[in-house]
Amino acid sequence: FTKITSGLLFLLIALAAVMRPVPKRPIPGLAWLYPLFGTYLLMCLLGVEERTDVLVIQFQWIMLTLAALATVSTLSTIEDVEALMKALTVGTVIALAIPIAAVILNPGELFGNIGRFTPWGAHPNLIGVAFLMAAPILLYTIMTTDSVSIRAVLIGLLLADIGMAMVTGSRQVVFAMAAALGLMCFPLLKRPGLVLTGIVAGALVLPFFLGLSDYAVGRLGSIDSSGRLDIWWQYFMLSLQRPLGLFGTSGLNSHIAITIGEHPHNMFFEMLYLGGWPYFLPMFIVILSGIRAMWRVWRTRYVFATPNQRFLIHALASTLVAMYLQGMANQVIFHPTYTWSFFCVVLTVLFLSMQKDIPYLEADYLERLEEETHQEYEQETEENMDGYPNPLPS
């Protein structure tokens, strides 16, 4: 029921964005491939065996992409993106309260029958996505908030989030989280006080979570691919036999190829299985274009006015990298029942749009730099005239 009705949330987000009375950011034409080929995929799923549920969820994906495009259209300034991150921080704190409540109130059933963190019965790979999304959002707010008390609370939440992620035993979650936080932590080298605080807090909090399950933590050190390389190869060969995916077929399962017996464990091979090459190629172009746009915006982040704004670009770029790395082992960023997938579309489209702003941002930066230089020159001139001889040019 939750999955089927969650599409209403995206509809409300889209309506709120459309009705927001602000100048709208133009949406790049490439971004419209999301809903366009989402509709194509809907047609590919008409003949699957679990048709009703799958069609409802795929329709939600189309609504998700439209809501993401509408959201990006309202993010006309970097201040709008900062406001979005504040809202996501509040949501993250509320979301983390649910598994933390399980640790406090239901400690006897945290690991179910599989030895991995399952708060309130949630599957570890799925609840792990919530921990993965929370980590970069919390770290961003920790590094940009002016409130010492809020920073202290969020550091504790971030450490709890990392600890809970590790005891899920989900390697794709932990490795993607390490990538996001690792990239974001480079600026921390300039803030040794914050680093020391994090180390001390980590020494107090993390051992508690890591001691909850030796099996889950030990699983993170395994280099066993669980047969996924062979699964990916089989799905690739199947895409050559059936280049249109499930289009025009009937009676097949949308989650797994029965002849293979496992779901793809990879967003790219799931795209090939469901929509074939006509679906995979446009989506691959959008992803590559989004990563290229992210790189261009990140390289020119110096044009933004404040250190917090420049760090925001760094944080969003780090998060997008982690998203697509995680997609190599899981396909949730193309499923509409995760906030992670909505955020991924928002970030990809946002970077595609922001790269078109670079010439204007650079012009503003040069103008701002010229004004600052002129003000410094006037200040030096006033100081030289106020009792100090103005040195003659050599």
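Restricting to the range 21-59, what's the tally of residues that are open to solvent by 80 Å² or more (accessible area, probe 1.4 Å) and either under 26 Å from Ala293 (Cα atoms) or among the hydroxyl-bearing types (Ser, Thr, Tyr) (or both)?
Going through the range 21-59 one residue at a time, the tally reaches 6.
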Margin query: Looking at the structure I just gave you, is Phe280 part of a helix (DSSP H, G or I), at pLDDT 95 or above and in contact with a helix residue (DSSP H, G or I) (Cβ under 6 Å, 6 or more places away or on another chain)?
Written below: yes
Notebook entry, point to check: Does Ala102 count as of a type outside the set (Lys, Arg), open to solvent by less than 10 Å² (accessible area, probe 1.4 Å) and assigned to a helix (DSSP H, G or I)?
Noted result: yes
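Taking the range 340-394 as the search range and keeping residues that are of a type in the set (Ser, Thr, Tyr) and surrounded by fewer than 19 Cβ atoms within 10 Å (Cβ to Cβ), which one is modelled with the highest pLDDT?
Here is the first cut: in the range 340-394, the ones of a type in the set (Ser, Thr, Tyr) are 341, 348, 353, 360, 365, 373, 377, 381, 388, 394.
Then keep just the ones that are surrounded by fewer than 19 Cβ atoms within 10 Å (Cβ to Cβ); that gives 360, 365, 373, 377, 381, 388, 394.
Numbers: Tyr360: 81, Tyr365: 74, Thr373: 68, Tyr377: 56, Thr381: 60, Tyr388: 48, Ser394: 42.
Checked the range 340-394; the qualifying residue modelled with the highest pLDDT is Tyr360.
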Next item on the list: Answer yes or no: is there a residue in the range 91-114 that is free of Cβ contacts under 8 Å to residues at least 60 places away in the same chain, at positive phi and out of contact with any Cys (no Cβ under 9 Å at 6 or more places or on another chain).
Entry: yes
Margin query: Tell me yes or no: at least one residue of the range 226-241 is open to solvent by less than 50 Å² (accessible area, probe 1.4 Å), more than 18 Å from Thr39 (Cβ to Cβ), in a loop (DSSP other than H, G, I, E, B) and at pLDDT below 90.
Written below: yes
Check: Taking Ile137 and the conditions (1) open to solvent by less than 10 Å² (accessible area, probe 1.4 Å); (2) in a loop (DSSP other than H, G, I, E, B); (3) out of contact with any Pro (no Cβ under 9 Å at 6 or more places or on another chain), which numbered condition does it fall short on, given that it satisfies the others?
Finding: (2)
Check: Looking at (1) within 30 Å of Ser254 (Cα to Cα); (2) open to solvent by less than 20 Å² (accessible area, probe 1.4 Å); (3) not polar (S, T, N, Q), which is the one condition that is false for Ile13?
Finding: (2)
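The values are calculated or read from the model by the stated rules, or taken from the named source; none is laboratory data. The structure presented is a predicted model; accordingly, all values stated were derived computationally and were not measured. All Cβ positions, glycine included, derive from the backbone under ideal geometry; neighbour counts span all protein chains shown. Note: accessible area is taken over every heavy atom of the protein model, side chains too, but ligands, DNA and RNA are not part of it. Shrake-Rupley method; radii C 1.70, N 1.55, O 1.52, S 1.80 Å.
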